[in-house]
Every structure is written in C-alpha cells, then in structure tokens.
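Worksheet: one structure, shown below.
Since every read-out is calculated from the coordinates, none of them should be taken as a lab result. Only a predicted model underlies this, so the values are computations on that prediction, with no experimental measurement involved. Every residue, glycine as well, gets a Cβ built from its backbone with ideal geometry; the counts of neighbours run over all protein chains shown.
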Amino acid sequence: MNSDDPIVFVVDDDYRVREALCSLIASVGLRVAAFGSAAEFLKSEKPDSPACLVLDLQLPDRSGLELQRELAAGDGPPIVFITGHGDIPSSVRAMKAGAIEFLPKPFSEQELLRAIDAAIVLDREGRRKRSELAELQKHYSLLTPREREVLPFVVAGFANKQTAGDLGTSEITIGVHRGQIMHKMGAGSLAELVRMSDKLGIARTPGRSK
C-alpha cells in the first residue's frame with residue numbers, strides 16, 4: 001500500500017453495524033479500520049493517507065458532534081455522519097461544521113459509498129494543497145529579511161528603479177535581490193511568483209509583507 005491509498009475509518013458502538021460497514025467498504029477495494037468509541041479512534045495510529053471518517057452521531061463516550069469539533073482543530077478527515085437518532089438541529093450543526101453528508105439509518109449502500117467517495121476526493125485535494133503550501137513556506141524561509149522586504153514590490157509590479165528609490169538602495173542591488181527571490185522560490189516567471197505569494201498570503205502592498 002502506498003501513501004495515496006485511501007482509508008475509511010468507521011466509528012460506531014454497535015459491532016453489527018461496524019461489521020456490515022467494514023464488509024461493504026472493503027468490497028469496493030477500500031482499506032477500512034473500525035472503532036467502537038471516539039476514544040479508541042483518537043488513540044489509534046493513522047496512516048498518512050487520504051481518508052474519510054464514517055461517524056455515528058451517538059457514541060458511548062462522547063457524541064459524534066463533539067468528536068467533529070475536536071478533529072476540526074487539526075487536519076481531521078472529512079466526516080460522513082450516520083445515525084439512527086438523527087434530528088434536524090443535529091444535521092444542521094454537523095453540515096455547518098463541514099460534514100460531507102448526514103445519513104439517517106437505514107440508508108442505501110450506494111448513498112454511503114457516494115458520500116465516502118466525495119469525502120476522499122475532498123481530503124486528497126486538501127492534502128495536496130497543504131503539501132504545496134508547506135513546500136512554498138520552505139522556499140520562503142530561504143529568503144533573507146531584505147529579500148522578503150523586496151518581494152511585495154516585485155509581485156506588485158514595481159520596477160527595480162522605483163523599488164530601489166523606496167527602499168533607499170541601488171537599482172542594481174534590487175535586480176540582484178529579484179533574481180535571488182525567483183531562484184529561491186523556484187519561480188519560472190513573474191506570474192508564477194505572484195501565484196506563490198498569493199498562496200502564502202503575502203500582501204501585494206510594499207511594507208506589509210509577512
């Protein structure tokens with residue numbers, strides 16, 4: 001199994017439900033791990049893979065909504081709620097907090113599998129974006145304080161001469177800084193550097209860089 005092979009976590013206190021869900025999920029070729037409580041799930045070791053959490057609303061130690069809130073503080077997997085005791089306020093809270101689906105029992109196998117597929121697609125995309133941002137931050141950390149000061153001028157489209165005047169240095173020095181910024185960030189063009197800066201949240205207003 002490579003790190004891109006998705007896994008589905010099932011948290012339900014009814015072992016019959018866990019067994020049925022595990023059998024269904026495994027039948028479509030997905031890895032699955034089941035837990036009888038939120039505490040068991042939280043203590044377990046998780047593979048570094050795209051994932052989905054199929055979560056019962058009612059659990060013995062804490063509610064599914066409480067676990068959802070706990071996971072929201074980190075990079076928890078997208079959640080598909082299942083419940084035999086669902087109500088509209090609970091479903092609204094779950095969906096507002098980012099749940100993919102809220103399925104009252106009994107639900108069809110296809111409904112659940114579609115929701116799981118959507119959750120895995122979402123998690124894979126989220127992981128890709130986090131990985132891309134981490135890589136950009138690593139490149140940004142290579143910039144000197146002066147290069148970080150120059151970067152907003154570059155992405156704002158300021159000419160070297162104007163940047164030099166504002167920063168009280170020479171046009172040649174700014175040209176050197178610009179070249180170093182492009183090299184360290186791994187940007188092949190100004191447009192690419194602008195996209196990188198936007199993803200890093202660097203303001204295109206000189207004097208307000210990160």
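Antiparallel DSSP bridges in the chain: what percent, to the nearest 5?
Once the DSSP bridges in the chain are tallied, antiparallel ones form about 0 percent.
With angles folded into 0 to 90 degrees, how steeply does helix 109-140 sit against the dominant principal axis of the chain? Use alpha carbons for both and round to 10.
Helix 109-140 sits roughly 20 degrees off the main axis of the chain.
May I ask for log10 I(q)/I(0) of the chain at q = 0.11, 0.14 Å⁻¹, from a Debye sum over the Cα atoms as equal point scatterers with solvent left out?
-0.65, -0.80
Would you calculate a helix-derived [θ] at 222 nm for the chain, using -39,500 (n - 2.57) for each DSSP H run of n ≥ 4 and dividing by the full residue count, to the nearest 500?
On the way: 9 runs with 114 residues, N = 210.
Computed mean residue ellipticity for the chain: -17000 deg cm²/dmol.
What number, in percent, do you get for the relative contact order of the chain if the mean sequence gap of Cα pairs under 8 Å and at least 6 apart is divided by its residue count? If you can, show how the numbers build up before the last one.
Numbers: 280 pairs, mean separation 31.5, N = 210.
Across the chain, relative contact order equals 15 percent.
Give, rounded to the nearest 20 debye, the magnitude of the charge dipole that the range 142-200 has about its Cα centre when Lys and Arg contribute +1 at Cβ and Asp and Glu contribute -1 at Cβ. Walk me through the numbers before you get to the answer.
Numbers: 7 positive and 6 negative charges, 24 e Å.
Once rounded to the nearest 20, the dipole reads 120 debye.
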